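Quick notes on the structure that follows.
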């Protein structure tokens, strides 16, 4: 099996013009890399199963209206096809929404908490020339029917366990609260127009503190102290002291449990952390390693999603990007040499 | 994890109307079934790897023109999307074409034979109310650069090994020759119009011997003996004697090798066997078990496919449908009780 290296570009410079390309943002995975991916998968799935999580798989296409139930923004960037009977289907771009659907329908009368894990790919259209992945394999879990802070603590303890099972030793978990900044924003100024509010949150999401201060000033209705407090919140990052300083009570309760479980040294609280999916309602998290500027994965609490499919279940979960996880394991192995 | 049984319909009679359905031909896989599928996958992949096959994965979407290169009919029934830069992409509906592309480009200068295996899903649009699967997981192999009959024999010996590794004991492999009937047809009447030829081959493909005799009669240009011979070919099924009676020389050479390998007792020759994909050029095969009227999988020789992607490689391969394979294992287990 003497092929090019797994991570070499599909068509190296000077390659024969006959070579047939694959669509941008897609790639072939060759045997050497595939064997390593399978080894990581096995370790992570074993960690999920031994913690009582049952693996599920959901369809490659869902009805468009199913995915739209999750929120107006969530389903915006997705592949759609029209079926032979005229129904609009959307390619799976997220695993949490289908599993919330599955829990609320197939496990309608099962005693909570419900524990699911999965290993499946998701598809998202890419912007030309942005170097984004069109397709990635996610490995993750959903814990449904266990509210905050206990559910969040179980998820974070398990996340530490699966990252170790994948072979990683050097990682941090950034933990924020999807509603803490917005609650503070709305209590400082309850009469924001939706447009101004979206503009302010966009600066938060892109982590542009200068832009955030500018938007707050342009909006009016905030005094200097409020602006300082909101920009301070967006930048607040650290240990327990950050939660105390900003009176982040929900995260303080979570921190107590993480201390009891002995995993608080893995966590960095980040009150400016927001996630792009709009179904999160509480604690949110992202996983970071020294070798990658982007998160390997993330997740959070979504207490209102299963209810949209007919069964109220407080829930949280996380997903890891298998390719990034693998690269992080390789980078750590390389650094240890 | 107290859910409905894995194979229960998604929404049992009398279920609550709130339940959110999944698209026809799709389904959720629940933990009990998933664990069994993973066990079968592990056994089969281990059998492939220990025989020197390296696992690969290919993109969920290919360029439409890539898939069309395989043949005009092959890419007809597939999902297409238009990308943000206007390119037409087609969802993977077959694994052999992308792996032929991969072999011809990424392994352009690797010494043959090349041995690949894979475990990935394929998507095909379903006709409403036909009970077809929109999506299925295929586990399979491709052996490239080893011509007939040696390549075919290696594939069939490995197929017996992987079916045993999956836990099956009672199975048969039907083996035919994609060109034997058409060669006989064309040598009996070299001046058939494409339309008449297609009409005749349609009857062969649907295994309608009465229809086949009718089409041959309607065409003219065949005498009674030729018609009897062609209908006899389409119905010819059995052991070595079938190959001898019809002078099927290519399959006789293959049979010699299968006898040497001690797997000839698993094989039934079937000179009327044809496969729906149009890239096959030689031996074709399908796997049958007593519990299922449909094949669990199939494959064959495709010596002209990799050449379309720039590297001539005689090749063959097979794929098994994971869901059917699992049901066959369950049925055998049940019968043994």
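Residues in region A:207-222 that are modelled with pLDDT of 90 or more and exposed (fewer than 11 other Cβ atoms within 10 Å of the Cβ): 2 in all. Yes or no: residue B:92 within 18 Å of the chain's Cα centre (by Cα) and surrounded by 20 or more Cβ atoms within 10 Å (Cβ to Cβ)? For residue B:92, the condition - within 18 Å of the chain's Cα centre (by Cα) and surrounded by 20 or more Cβ atoms within 10 Å (Cβ to Cβ) - is met. Under 9 Å by Cβ, and 6 or more places apart or on different chains, what pairs join a residue from region A:48-69 that is without any contact (Cβ under 8 Å) to a residue 24 or more places away in the chain with one that is assigned to a strand (DSSP E or B)? That search, which allows pairs on different chains as well, returns A:65/A:88; A:68/A:90.
Of everything listed in (1) in contact with a strand residue (DSSP E or B) (Cβ under 8 Å, 6 or more places away or on another chain); (2) over 18 Å from residue B:303 (Cβ atoms), the single unmet condition for residue B:154 is (2). Of all residues in region A:129-166, those satisfying the criterion of being away from chain B (no Cβ under 11 Å) and farther than 20 Å from residue A:41 by Cα are A:131, A:144, A:145, A:146, A:147, A:148, A:149, A:150, A:151, A:152, A:153, A:154. In the set (1) within 14 Å of chain A (Cβ to nearest Cβ); (2) under 30 Å from residue B:310 (Cβ atoms); (3) buried (at least 17 other Cβ atoms within 10 Å of the Cβ), residue B:126 fails one condition alone, (2). The criterion of at least 2 residues that are modelled with pLDDT of 90 or more, touching a helix residue (DSSP H, G or I) at 6+ places or on another chain (Cβ under 9 Å) and within 23 Å of residue B:119 (Cα to Cα) is met by the following strands (runs of 3 or more DSSP E) wholly inside region B:1-92: B:88-91.
The set of residues in region A:93-103 being within 7 Å of another protein chain (Cβ to nearest Cβ) and touching a helix residue (DSSP H, G or I) at 6+ places or on another chain (Cβ under 8 Å) consists of A:101 alone. On the given criteria, is residue B:115 facing chain A (nearest Cβ under 8 Å), closer than 30 Å to residue A:54 by Cα and either in contact (Cβ under 8 Å) with a residue 12 or more places away in the chain or assigned to a helix (DSSP H, G or I) (or both)? Considered against the rule, which asks whether it is facing chain A (nearest Cβ under 8 Å), closer than 30 Å to residue A:54 by Cα and either in contact (Cβ under 8 Å) with a residue 12 or more places away in the chain or assigned to a helix (DSSP H, G or I) (or both), residue B:115 comes out as no. In region A:176-187 there is at least one residue matching the filter, namely being touching a residue at least 12 places away in the same chain (Cβ under 8 Å), assigned to a loop (DSSP other than H, G, I, E, B) and out of contact with any helix residue (DSSP H, G or I) (no Cβ under 9 Å at 6 or more places or on another chain).
Of all residues in region B:283-294, those being touching a residue at least 12 places away in the same chain (Cβ under 8 Å) and surrounded by fewer than 23 Cβ atoms within 10 Å (Cβ to Cβ) number 7.
When residue B:313 is tested against (1) within 14 Å of chain A (Cβ to nearest Cβ); (2) closer than 23 Å to residue B:251 by Cα; (3) modelled with pLDDT under 95, just one condition goes unmet, and that condition is (3).
Residue A:313 meets each of the listed conditions (1) crowded, with 18+ Cβ neighbours inside 10 Å; (2) in a helix (DSSP H, G or I) apart from (2).
The values are calculated or read from the model by the stated rules, or taken from the named source; none is laboratory data. As the structure is a computational prediction, the values presented were derived from the model and not from experiment. Backbone-built Cβ (ideal geometry, glycine too); neighbour counts: all protein chains shown.
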